[in-house]
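Notes for the one structure printed next.
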Amino acid sequence: MKAIIIGAGIGGMSAALALGRCGYDAEVYEAVKEIRPVGAAISVWPNGVKCLNYLGLRDPVKALGGNMAWMAYRDYISGNNMTRFSMAPLVSRVGESPYPVARAELQQLLIESYPAEKIHFGKRVCRIEQDAEGVSVWFDDQSHARGDFLIAADGTHSVVREYVRGFPTERRYAGYVNWNGLVSIDESIAPANQWTTYVGEGKRVSLMPVSDNRFYFFFDVPLPKGLQEDRSTVREDLKGYFRGWAPPVQRLIDAIDPQTTNRVEIHDIEPFMEFVKGRVALLGDAAHSTTPDIGQGGCAAMEDAVVLASVLASHSLSLEDSLLRYQQRRNERVKDLILKARKRCDVTHAKDPQVTEAWYQALTREDGVNVLAGMCETIEGGPLG
Ligand code: FAD
């Protein structure tokens, strides 16, 4: 059985590896000639790590990951801890560690773990047709491929999504801008083994350790969409938005490299249920785009890949029926993740300032139990428990 996979991002490569493991011949077609991931790093939570373990990548992922042994929220003016607690109870409950990783390194690992001759770059899908025996796909260089089924992991701007749903899908602006990048660890900004987040004014500044003595940093600011800001003004922009914030935040802004700092207007997509049309299935951001507020978009793409492989592994049902089972098993899970992230997004970014103020107050009384319980629930809702 030949699978065509569209997109060589986290979702597409995880799907290729997962299908390869259960005997499918999966060929990946990627639009760009060279992958340049949007965003500097991602946190792979234990539900995602378990999926990568399933794909045979346990040791290399651990090697890429930072040591996030502690978690702390800090007051934006004083820089003092509002709460600080160990992540050990989470790890012992869910059975795996979270790993913040440089995105380009995770992407490279996924690509290098799959046979190079089965990944075709510079192939942008422009048309799909299916019949009773299979799926045909055409690329904008006039070439063409055919397989028994097609997995569309072509991201949040998916073109295949319109084919599956029958109409275009709007993305929803979540109301804030995120700047992110990598910087050398400086313990005067935050401890090297801690996920540290400075919060205030509906904004946040966060640092997570990744391998090779680097912090993944990000800044969030509630802003209107479409401002004329870019790399050339990033330091001044951040200095303005974070005027009066604690000295470590100022040091971080001084330390970042504007040339490698990304600026992203954050969006999601209203959850929808149509992931499958006959022999064509959506996977990853193409099927469910979430704000990054609970760090689960990429993890959910990995989960999709594991579930897809599990429904196809027995070869006992028709392809169409197997893909419908994949849709059934993913619909509620990813809807839950999108809505949880949206709720977290609104509280963090002061959609209702009173609710956000109450959250800041609650953080000063937090001993970790509530925060970790919420994280564990999200993690354990994944397909590998
Ligand atoms: P993508 O990574 O977008 O890959 C899609 C691929 O398809 C691309 O390579 C693209 O070039 C290709 N493509 C597009 N169109 C076509 C076409 N027509 N033909 C062929 N190929 C095509 N997730 C987490 O789990 N943890 C985090 O901490 C986290 N942090 C985030 C922070 C930010 C700021 C953002 C924006 C997202 C974050 N995410 C996080 C979400 C995560 O990045 C995405 O969910 C994940 O990248 C989705 O993977 P994907 O493979 O579905 O899509």
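The values are calculated or read from the model by the stated rules, or taken from the named source; none is laboratory data. What you are looking at is a predicted structure, and each value in this text was computed from that prediction instead of being measured. With ideal geometry, Cβ positions are generated from the backbone for all residues, glycine too; neighbour counts draw on all protein chains shown. When the accessible area is computed, the model is the full protein with side chains, heavy atoms only, and any ligands, DNA or RNA have been set aside. Shrake-Rupley method; radii C 1.70, N 1.55, O 1.52, S 1.80 Å.
Kindly evaluate VAL135 against the criterion of being in contact with a strand residue (DSSP E or B) (Cβ under 6 Å, 6 or more places away or on another chain) and either farther than 20 Å from LEU17 by Cα or charged (D, E, K, R) (or both). So that I can check it myself, show each step before the final result.
Working: in contact with a strand residue (DSSP E or B) (Cβ under 6 Å, 6 or more places away or on another chain): yes; either farther than 20 Å from LEU17 by Cα or charged (D, E, K, R) (or both): yes.
Yes.
Any chance the stretch 320-327 includes a residue that's surrounded by 23 or more Cβ atoms within 10 Å (Cβ to Cβ), among the small types (Gly, Ala, Ser) and part of a helix (DSSP H, G or I)?
So far as the stretch 320-327 goes, no, none of its residues is surrounded by 23 or more Cβ atoms within 10 Å (Cβ to Cβ), among the small types (Gly, Ala, Ser) and part of a helix (DSSP H, G or I).
Between a first residue in the stretch 130-151 that is touching a residue at least 60 places away in the same chain (Cβ under 8 Å) and a second residue that is of a type in the set (A, V, I, L, M, F, W, C) and open to solvent by 60 Å² or more (accessible area, probe 1.4 Å), which pairs have beta carbons less than 7 Å apart while being 6 or more apart in sequence or on different chains?
Partner pairs satisfying both residue conditions: PHE139/CYS126; ASP148/MET1.
Output yes when any residue across the stretch 261-270 is part of a loop (DSSP other than H, G, I, E, B), in contact with a strand residue (DSSP E or B) (Cβ under 7 Å, 6 or more places away or on another chain) and among the hydroxyl-bearing types (Ser, Thr, Tyr), and no when none is.
Yes, there is a match, as at least one residue in the stretch 261-270 is part of a loop (DSSP other than H, G, I, E, B), in contact with a strand residue (DSSP E or B) (Cβ under 7 Å, 6 or more places away or on another chain) and among the hydroxyl-bearing types (Ser, Thr, Tyr).
Considering only the stretch 28-46, I want to know if a residue exists there that is touching a Ser or Thr at 6+ places or on another chain (Cβ under 9 Å), in a loop (DSSP other than H, G, I, E, B) and surrounded by fewer than 23 Cβ atoms within 10 Å (Cβ to Cβ).
For the stretch 28-46, residues touching a Ser or Thr at 6+ places or on another chain (Cβ under 9 Å), in a loop (DSSP other than H, G, I, E, B) and surrounded by fewer than 23 Cβ atoms within 10 Å (Cβ to Cβ): present.
Show me the strands (runs of 3 or more DSSP E) entirely contained within the stretch 144-236 in which 3 or more residues are more than 27 Å from ALA31 (Cα to Cα) and within 13 Å of the ligand (Cβ to nearest atom).
Numbers: elements: 144-147, 149-152, 172-184, 194-200, 203-210, 214-222.
Once the strands (runs of 3 or more DSSP E) in the stretch 144-236 are filtered for at least 3 residues that are more than 27 Å from ALA31 (Cα to Cα) and within 13 Å of the ligand (Cβ to nearest atom), what remains is 203-210, 214-222.
Of everything in the stretch 60-102 that's under 21 Å from the mean Cα position of the chain (by Cα) and in a helix (DSSP H, G or I), which residue is surrounded by the fewest Cβ atoms within 10 Å (Cβ to Cβ)?
My answer is ALA63.
State the number of residues belonging to the stretch 240-296 that are within 16 Å of the ligand (Cβ to nearest atom), polar (S, T, N, Q) and over 16 Å from the mean Cα position of the chain (by Cα).
2
Could you check the stretch 8-38 and list, in sequence order, the residues that are over 15 Å from the mean Cα position of the chain (by Cα), modelled with pLDDT of 95 or more and near the ligand (Cβ under 6 Å from one of its atoms)?
TYR29, GLU30, ALA31, VAL32
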